[in-house]
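Visitor: One structure is given below, represented as structure tokens, and several questions about it will come after.
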Protein chains: 2
Amino acid sequence: MCVPFGDDVSAWELENGLVAVLKTDMLVDKTDVPPGMSLQQAARKAVVMNVSDFAAKGVKPSALLVSLGLPKNLTQKDIVDLAKGLNAGARENDCYVLGGDTGETSDLIINVSLFGVAREREIVLRSGATPGDIVAVTGFFGKTSAGLKILLNNLQVSASVRKVLVESVLMPQARLKEGLALSRTGAVSASIDSSDGLAWSLHELARAGKVGFLIETLPLAKEAERFAEQHKLDAVKLALYGGEEYELVLTIKPGLWERAKWAAVEAGGMLMSIGRVTARRGLFLCIDGKRRVIEPRGYEHFKSDLVR
Amino acid sequence: MCVPFGDDVSAWELENGLVAVLKTDMLVDKTDVPPGMSLQQAARKAVVMNVSDFAAKGVKPSALLVSLGLPKNLTQKDIVDLAKGLNAGARENDCYVLGGDTGETSDLIINVSLFGVAREREIVLRSGATPGDIVAVTGFFGKTSAGLKILLNNLQVSASVRKVLVESVLMPQARLKEGLALSRTGAVSASIDSSDGLAWSLHELARAGKVGFLIETLPLAKEAERFAEQHKLDAVKLALYGGEEYELVLTIKPGLWERAKWAAVEAGGMLMSIGRVTARRGLFLCIDGKRRVIEPRGYEHFKSDLVR
């Protein structure tokens, strides 16, 4: 098997150096759908969650199957909304809903199974980080954890900031174009998406590569910073221990840094250096001469009792 | 797309006449797990359900992904039992569990996504039945509906009969070897599995082929007949309107009947002629000069309130 168990996707060898790439991920309303998220948005998110893992591996998704677990109280309009969301998620990422299954369940369940074909040698694993590599991300962090606090606890913030933060939760985007472009450069030594939070993703890459990370720039979204100031929250924590952010977290071979950066820009995105891979194990955030340990804590799905 | 939407599996074109075959099916405890079925059996069944659809299409499954939705009250032993059942189902059908996802749900959910590769021209669709073809099945019917009545309503029957009937519910077998062997003969014009009941499967093949069926032999299992006599039930109904039986229902080109029959036997199973495909639409059961309409009724999953 060319992709080890526990990486973001699974793979099955075909012929001529090609592999079938497979992924399944289950969205459950009580832990994955915050208040304010429509059924259409929830179904779209179920697709985006899966596409994001393909993006991290540099694999183009082709087709998806959906299992819907439907509570009794859903109306026909609700089902149509779910279908619209699934199609929107598929269309935005240039893939197709091929089929699926439905059943009656207590929770709303949207299980997406994603399929694509890739050249085996182009798949980027979690495990390739090497001392000296540049640690990079495709965007800024903290927006979704701030957005979730707004939706769950009804915290207040100015309309323009609120819009950005809430939108990041309700309409997440997978970095598919960036992921595909980056994998083609050959510059990426390891990659993962940040659906479990930036800190967790860094720990996973470090563990898989048997290396450490020294993070010197915190990629904090300015809207999350504003929100943290206003509510006297630790902005660093918002950025490190959030989740469901769907940015890519990568390590880049230093000699190919410029090529990688341009590839991300040409794909319509960006790539930002945030630190270095170290031979010494351990994950540290060093900013303005202050050193802080990055804990191996991940995003915890909000609990159902907070939501409904 | 070489497999139309609504057939038992979905397909995605690869190169050189090959296609990736995909299927997803969700097992939910409250509608799919009768009392008396262990967690290990439930997980195994979730695999068998999916493999049965591949069997009907003549496609060998290679790998599967699993999403587990786990209620809070499950113990570690329960999870191990689920894993054992998944592995048993995979091993029995010569395929591998590649990966998956877990989440917290109110019901126990076991969603299996199955993947395989096939030659496009070897996939048997629902839609090829032609007037004059022989209607055939790979086994006898009625056991699972009788078995379910025993489990759900605690009906009594002799120990040896009970064993066969209950076993058919708790340890269903997909007719994979037969399905693969039959598709290779080129004799099969249409095929479906009988998970929604014999009558429903016949109606599906008739609808897709724009033909009718005249059924002259009812493939009634002798244990189901004994059970029906004892409890004054209509044995014909048990056989026609049961479900979750996982036999194959096929139409066979008459010139290749002997070849098909031998292929099934050599695969360790059997193939039994039960009637003919007719140009005239409509589905009739004609036995001993009596004609009975086969209704387009399917198996309805038992309701949760009956079970727990």
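No lab work stands behind these numbers, since they all come straight from the coordinates. Just so it is clear, the structure is predicted and the values come from calculations on it, not from any experiment. In this analysis, Cβ positions are derived from the backbone assuming ideal geometry, glycine residues included, and neighbour counts consider all displayed protein chains.
Visitor: One decimal, nm, shortest first: give the distances between the label point of A:Thr217 and those of the same position in the other copies, each label point 7 Å from Cα along Cα→Cβ.
Guide: 7.6
Visitor: Let me ask something else about it. I want to verify a result. In a Gaussian network model of chain A, Cα cutoff 10 Å, which of these has the top mean-square fluctuation: A:Gly99, A:Gly89, A:Gly209?
Guide: A:Gly99
Visitor: In square nanometres and to one decimal, what's the mean projected area of the convex hull around the Cα atoms of the protein assembly as shown?
Guide: Values: hull surface 117.8 nm².
About 29.5 nm², averaged over all directions.
Visitor: How would you rank A:Trp262, A:Trp200, B:Trp257, going from fewest to most other Cβ atoms within 10 Å of each one's own Cβ? Write out the running numbers ahead of the final one.
Guide: Values: A:Trp262 13, A:Trp200 23, B:Trp257 17.
Least to most surrounded, the residues fall as A:Trp262, B:Trp257, A:Trp200.
Visitor: Lys and Arg at +1, Asp and Glu at -1: add these up for the other residues within a Cβ distance under 13 Å of B:Ala279 and post the number. Display every interim value, and only then the final one.
Guide: On the way: positive: B:Lys210, B:Arg276, B:Arg280, B:Arg281; negative: B:Asp133.
Result for the local shell: +3.
Visitor: Once amide H atoms are placed 1.01 Å from N in the peptide plane, what residues at a sequence separation of 5 or more from A:Phe213, or on another chain, have their amide H within under 5 Å of its amide H?
Guide: Amide H neighbours of A:Phe213: A:Thr278, A:Gly282, A:Leu283, A:Phe284.
Visitor: Next question, about the same structure. Tell me which residues come under 5 Å, amide H to amide H, from A:Ser189 once H is placed; ignore anything under 5 positions away on its chain.
Guide: Answer set, sorted by chain and number: A:Thr251, A:Ile252, A:Lys253.
Visitor: Residues with amide H under 5 Å of A:Thr102's amide H, sequence separation 5 or more or different chain, H placed in the peptide plane at 1.01 Å from N; which?
Guide: Excluding prolines and chain starts, which carry no amide H, the hits are A:Leu68.
Visitor: Within the set of other residues whose C-beta is less than 10 Å from the C-beta of A:Val164, count the net charge using Lys and Arg as +1 and Asp and Glu as -1. The partial results should precede the final answer.
Guide: Numbers: positive: A:Lys143, A:Arg162, A:Lys163, A:Lys222, A:Arg226; negative: A:Glu167, A:Glu223.
Here the charged neighbours net out to +3.
Visitor: Would you mind getting me the FRET efficiency between B:Ala159 and B:Arg184? Use the beta-carbon distance for r and R0 = 41 Å, nearest 0.05.
Guide: Values: r = 40 Å, r/R0 = 0.98.
It comes to 0.55.
Visitor: Please build a GNM for chain B, connecting alpha carbons under 10 Å apart, and tell me which residue among B:Glu245, B:Glu104, B:Glu216 fluctuates the most.
Guide: Among B:Glu245, B:Glu104, B:Glu216, the largest GNM mean-square fluctuation belongs to B:Glu104.
Visitor: What FRET efficiency comes out for the pair A:Leu74/A:Ala279, r = Cβ-Cβ distance, R0 = 51 Å, nearest 0.05? Can you show the working numbers first?
Guide: Details: r = 54 Å, r/R0 = 1.06.
That gives a FRET efficiency of 0.40.
Visitor: Ok, one more. Once you put a point 7 Å from the Cα of B:Arg207 and another 7 Å from the Cα of A:Thr217, both along the Cβ direction, what distance in nm separates them?
Guide: Output for this residue pair reads 5.9 nm.
Visitor: Principal axis extents for region B:172-308, Cα atoms only, whole Å, descending order, please.
Guide: If we take the Cα atoms of region B:172-308, the spans are 45, 33, 27 Å.
Visitor: Express as a percent, rounded to the nearest 5, the fraction of DSSP beta bridges in the protein assembly as shown (both residues included) that run antiparallel. Provide the component values of the computation, followed by the final result.
Guide: Details: 86 of 112 bridges.
Counting only bridges with both partners in the protein assembly as shown, antiparallel ones make up about 75 percent.
Visitor: Estimate the FRET efficiency between B:Glu122 and B:Asp94 by the formula 1/(1 + (r/R0)^6), using the beta-carbon distance for r and 22 Å for R0, to the nearest 0.05. Before the final figure, lay out each step's value.
Guide: Numbers: r = 17 Å, r/R0 = 0.79.
That gives a FRET efficiency of 0.80.
Visitor: With a 10 Å cut-off between alpha carbons and a GNM built on chain B, which of B:Leu65, B:Leu148, B:Leu74 moves the most?
Guide: Maximum fluctuation in the GNM of chain B, among the listed residues, is at B:Leu74.
Visitor: Hey, another quick one. Just how large is the dipole of the protein assembly as shown about the Cα centre, in debye to the nearest 20, putting +1 at every Lys and Arg Cβ and -1 at every Asp and Glu Cβ? If you can, show how the numbers build up before the last one.
Guide: Values: 76 positive and 74 negative charges, 15 e Å.
Dipole about the Cα centre, nearest 20: 80 debye.
Visitor: Can you compute the helix-only [θ] at 222 nm over the protein assembly as shown? Use -39500 (n - 2.57) per DSSP H run of at least 4 residues, normalise by all residues, nearest 500 deg cm²/dmol. Walk me through the numbers on the way to the answer.
Guide: Values: 22 runs with 228 residues, N = 616.
Calculated at 222 nm, the ellipticity per residue is -11000 deg cm²/dmol.
Visitor: Now for a separate question. Shortest first and in nm with one decimal, please list how far the A:Lys237 label point sits from its counterparts in the other copies (point 7 Å along Cα→Cβ).
Guide: 6.4
Visitor: If one computes the Cα centroid of region A:174-241 and of region B:205-225, what distance in Å separates the two points?
Guide: Taking the Cα centre of each part, region A:174-241 and region B:205-225 sit 59 Å apart.
Visitor: Give the nm distances, rounded to one decimal, from B:Lys163 to the matching residue in every other copy, measuring between label points 7 Å along Cα toward the beta carbon; shortest first.
Guide: With the label placed 7 Å along Cα→Cβ, B:Lys163 yields 7.3 nm.
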